[in-house]
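Quick note: the coordinates plus some simple rules give every number you see, no bench work behind them. Predicted, not measured: the structure shown is a model, and the values here were computed from it. Methodologically, a virtual Cβ is constructed for each residue, glycine included, from the backbone with ideal geometry; neighbour enumeration extends over all protein chains shown.
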Amino acid sequence: MNVIDAVSTLNAELVRTEFPLLDQKINGRPLVYLDNAATTQKPRPVINALADYYLTYNANIHRGVHTLAEKATAAFEETRETARAFINAASVEEIIFVRGVTEAINLVASSYGLTFIEEGDEIIISALEHHSNIVPWQWVCKKRKAKLKIIPIHESGEIDIEGFCSLLTSRTKLVAIGHASNSLGTINPVKEIIRLARASGAVVLIDGAQSGAHVDIDVKDLDCDFYCLSAHKMYGPTGVGILYGRRKLLDQMPPYQGGGEMIMEVTYEHTTYNDLPYKFEAGTPGIADVVAFRFAMEFILQLGRENIFLHEQDLLRYATAKVGELPFVTLIGTASEKVGVLSFIVDDIHPFDIGQMLDARGIAVRTGHHCTQPLMKTLGINGTVRASFAVYNTKSEVDELVDGLRRIIPILRP
Amino acid sequence: MTIDQIQDEIVDEFAALNGDVEQIMCHIVGLGRSLPAMPAIYKVDHNLIRGCHSKVWLAAAERTNLMHFFADSDTIISKGLVCLLLRVFNGQDRNDILNTDLYFIKRNHLGRFVGTKRSNGFYAMIDQIKYSVIDRPGASPEVITSIL
């Protein structure tokens, strides 16, 4: 797809009307919500689905024999099928509901990692990773006396593929990498990384926290072993996510948590486990949230992922040009392929001060290290200001951001 | 001035800004610029109050039963906030400090800064001031004399 020539047919102003929260004032000014990499706002169908569940068919799932339980179970499983189709997984058994990407990675680290990683083995992550794709692997490496290796990045915030190749060895058992960077926006060449890693015999996990709402995802085409998504970054509820796992691997992995739902039979002496995907879904899940997540995925599909991508690319190009030309501003992360994330620093001004002053003007951005402290250290900075875009953002909101920066930078400069 | 007289003064000062959040922020920035430089001897990791976004250093010294505080931050807004706290507490009796109700925060609509501990450490600054009154870190009398 040539993003320069292609034009989104999406009408962001119309899309906004589906998001009631956006229609409010913060500190006397219209809200400009540019913190979508942290969490997205929720469209009416998602909010209505949550209310409808609690108003009309709340019941525990899978075990009940009554009508409400049947209805709740059907709605819950419908989301699983929608998720399967959303990422083009082979079967619903490969879709595990979790609390989000963090839990998905912890599940794989705890179950797959502690079972199959041995002393002297290697796990590879990149220098762009969120803490949630670092810490669980550190734990595995510490417990198994394995080695954690870091793929270097170029100054632009792009992965050094040659550097990655040089890290791959016969002891590399797992590669865990983000599809897109939450701090810089870089879209990583995951298909190439997966191909190289799998050719060397490694299993690959993709952290899709920053890609789920923004780019097309096809796990068959990617040929990854695990793919993780968080619903709340995809216009869905908080506390829900998906772990996709290749069935062959999921079958070999021990359960992550013990409890109800995940068992086949329990005696005091022994427990046999349920089939996939329930083996990994101990306890009562966030049923309403899972049910409503389906409406978030359908919302994305109805708008069209290519449309959304093109719209956000348009905003990113516009914002990059406008913010990039401001005096004292340095853009951080200039990869050629990015999701709608614009990170920047301003000479002699702490990002926190920028964020607070923008908030006074009703503009919500994120400031700080964005849970990527090692990346910030690599870049030699303490943090950035991050504006991140979603389908409902408009160029006039980018103008508000730029006007805000023009006003506050002289106030904050020493 | 008593602590409450100073708080009332601050309340009046902010009231003149008519609740305009941007003006309030600019005022806090101005206060941050007015914060006296912290003696280098106190700007050490031991005196660092760790917040999620900003670094704040705060140190206490006592002379003739009155408390004196010194602070700095890497963000101008945190400097402004700690400046307000120092204005209220500097030169005050330790018992008065411990028994103070910091009503100026609520009346000046500064609650947004104390709403979350992770946001900027304003709560932590207050906690640290009170903690330092209860269990004052030792500073040599010569250093205190040279500063005061």
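Quick look at the values:
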| quantity | calculated |
| --- | --- |
| Percent antiparallel among DSSP beta bridges (both partners in chain A, rounded to 5) | 60 percent |
| Burial ordering of A:Arg406, A:Arg171, fewest other beta-carbon atoms within 10 Å first | A:Arg406, A:Arg171 |
| Overall form of region A:198-257 per C-alpha gyration tensor (a/c, 1.5; a/b vs b/c) | oblate |
| Other-chain or far-sequence residues with amide H under 5 Å of A:Val32's (modelled H) | A:Ile363, A:Ala364 |
| Gyration tensor (alpha-carbon) shape descriptor, chain A, a/c threshold 1.5 | oblate |
| Test item: A:56-68 mean partner chain Cβ contacts at 10 Å | 0 |
| Spatial separation of Cα centroids for region A:375-400 and region A:194-242, in angstrom | 22 Å |
| Degrees between helix A:351-360 axis and first principal axis of chain A (Cα, 0 to 90, nearest 10) | 80 degrees |
| Within region B:70-91, backbone nitrogen closer than 12 Å to the virtual label 7 Å beyond the Cα of B:Asp12 toward Cβ | none |
| Inter-label distance for B:His46 and A:Asp251, nm, one decimal - labels placed 7 Å from Cα along Cα-to-Cβ | 6.3 nm |
| FRET efficiency for A:Asp348 and A:Glu265, using Cβ-Cβ distance with R0 set to 51 Å, rounded to 0.05 | 0.20 |
| Listed residues A:Pro255, A:Asn274, A:His232: farthest to the positive end of the dipole of region A:232-279 (Cβ charges) | A:His232 |
| Label-point gap, in nm, between A:Ala199 and A:Asp275 - each point 7 angstrom along Cα→Cβ | 3.8 nm |
| Sites B:Asn90 and B:Gln23 - FRET efficiency at Förster radius 22 Å, r taken between beta-carbons, to 0.05 | 0.30 |
| Contact order normalised by residue count of region A:1-106, Cα under 8 Å, 6+ apart, percent | 12 percent |
| Value of relative contact order over chain A, rounded to a whole percent, pairs C-alpha under 8 Å and six or more apart | 23 percent |
| Segment A:Phe116-A:Val135, length gained on full extension (0.36 nm per residue, minus Cα span) | 5.1 nm |
| Amide proton proximity set for A:Val204, modelled H, under 5 Å, gap of 5+ | A:Val175, A:Asp225, A:Phe226 |
| Helix-only mean residue ellipticity at 222 nm for chain A, each DSSP H run of n ≥ 4 adding -39500 (n - 2.57), per residue, nearest 500 | -11000 deg cm²/dmol |
| Using alpha-carbon coordinates, inclination of helix A:190-199 to the longest axis of chain A, degrees | 40 degrees |
| Placed amide H near A:Gly340: partners under 5 Å, 5+ positions off or other chain | A:Phe389 |
| Alpha carbon centroid spacing (whole Å) that separates region A:352-369 from region A:297-328 | 20 Å |
| Unit charges on C-beta of K, R, D, E only; dipole of region A:148-207, Debye | 400 debye |
| Average other protein chain Cβ within 10 Å of Cβ, residues B:11-23 | 2 |
| Extension gain, A:Arg29 back to A:Lys143 (0.36 nm per residue minus Cα-Cα distance, nm) | 35.9 nm |
| Residue order, fewest to most beta carbons within 10 Å, for A:Cys165, A:Cys141 | A:Cys165, A:Cys141 |
| Contact order normalised by residue count of region A:184-322, Cα under 8 Å, 6+ apart, percent | 20 percent |
| Cβ-based exposure ranking for A:His179, B:His109, A:His270, in which fewest neighbours within 10 Å come first | A:His270, B:His109, A:His179 |
| Acute angle (nearest 10 degrees) that the helix A:135-144 long axis makes with the longest principal axis of chain A, alpha-carbon atoms | 40 degrees |
